[in-house]
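Everything on this sheet refers to the single structure shown next.
The values are calculated or read from the model by the stated rules, or taken from the named source; none is laboratory data. A quick note: this is a predicted structure, and the numbers were derived from the prediction, not measured. FYI the Cβ positions are ideal-geometry reconstructions off the backbone, even for glycines, and counts take in every protein chain you see. Remember, those area values only see protein heavy atoms, side chains included, never the ligands or the DNA or RNA. Shrake-Rupley method; radii C 1.70, N 1.55, O 1.52, S 1.80 Å.
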Amino acid sequence: MSFNENRIINNYAQALMAVSGKQAAKVLSELQTIEIVFESNKVLTETLDDVSVSSDQQESFIRTLDKGTSEVTQNLLETLADNRHFSLLERIVERLEKLVNVSINHSLVIAKTAVAITNEQSDRLSKIAQKQFGYDHVEIKNVIDPDVIGGVILTAGSKTIDGSVRNKLLQLNKHIKHAVGKES
């Protein structure tokens with residue numbers, strides 16, 4: 001992704017946050033629903049961004065797509081059509097989701113474990129992550145990594161809590177080396 005494209009995506013997402021205000025989560029939900037339509041039909045994105053498609057054809061399709069959505073969502077779709085930026089929709093939605101999550105103090109926390117965790121374990125990890133990372137709401141996503149050996153590594157953005165057996169063994173090894181004077 002080019003610097004300019006990234007800037008355009010950020011501008012769209014920030015503008016959506018600004019104009020949608022307290023309705024940002026609703027707008028995000030509407031856009032995620034619309035995004036599903038585009039994900040299931042990649043040709044659609046290319047067609048709407050194609051300059052050979054008339055504005056009237058675009059407008060007709062958008063009117064079908066945005067029925068029942070907020071004015072903010074309708075305006076975004078029209079703007080994407082006018083600027084031939086439908087190919088950016090997925091990344092705009094991703095960026096908007098991050099902004100909405102920050103605004104409601106919500107975070108996705110990656111729980112890296114050697115084996116899949118249960119719902120009960122996920123709930124407990126969610127409470128731990130809320131407390132340790134300081135978020136009001138936490139969504140746990142379990143990622144299986146056999147290198148973890150045992151325990152769990154929680155990651156939220158740039159923050160990590162490493163409760164893995166591997167890390168504990170490394171810490172123990174470091175402590176032993178320090179105790180016998182062989183710090184490396």
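Taking the longest Cα principal axis of the chain as reference, the axis of helix 89-103 is set at about 60 degrees.
The alpha carbons of the range 1-94 occupy a box of 36, 34, 22 Å along the principal axes, longest dimension given first. Residues considered: Thr64, Thr79, Thr33. Largest GNM mean-square fluctuation over the chain, using C-alpha springs under 10 Å, is found at Thr64. Magnitude of the charge dipole for the range 1-72, about its Cα centre and with charges confined to Cβ atoms of Lys, Arg (+1) and Asp, Glu (-1), is about 340 debye.
Candidates (1) 1.40; (2) 1.34; (3) 1.15; which is the computed Cα Rg over 2.2 N^0.38 Å? Identified label for the calculated read-out: (1). The angle between the Cα long axis of helix 71-82 and the main principal axis of the chain comes to about 70°, on a 0 to 90 degree scale. Using a cut-off of 11 Å between beta-carbons, work out the net charge of the residues near Asp145 (Lys and Arg +1, Asp and Glu -1, Asp145 not included). The answer is +1. Given a cut-off of under 8 Å on Cα pairs at least six residues apart, what relative contact order in percent is computed for the range 137-184? The normalised contact order for the range 137-184 reaches 24 percent. For the chain, the longest principal axis of the Cα atoms and the long axis of helix 24-40 meet at an angle of about 80 degrees.
Pairs of Lys residues in the range 66-184 are counted when their Cα atoms are under 29 angstrom apart and they lie 8 or more places apart or on different chains; the count is 28.
Which one, Gln130, His85, Val53, projects farthest toward the positive side of the charge dipole computed for the chain from Cβ point charges (K/R +1, D/E -1)? Towards the positive end, the residue furthest out is Gln130.
Accessible surface for the chain, divided over its residues, is 63 Å² per residue with a 1.4 Å probe.
Springs between Cα atoms under 10 Å define the GNM used for the chain, and in it the highest mean-square fluctuation of Ser52, Ser158, Ser122 occurs at Ser158. Surface composition of the range 1-99: carbon and sulfur make up 50 percent of the accessible area, probe 1.4 Å.
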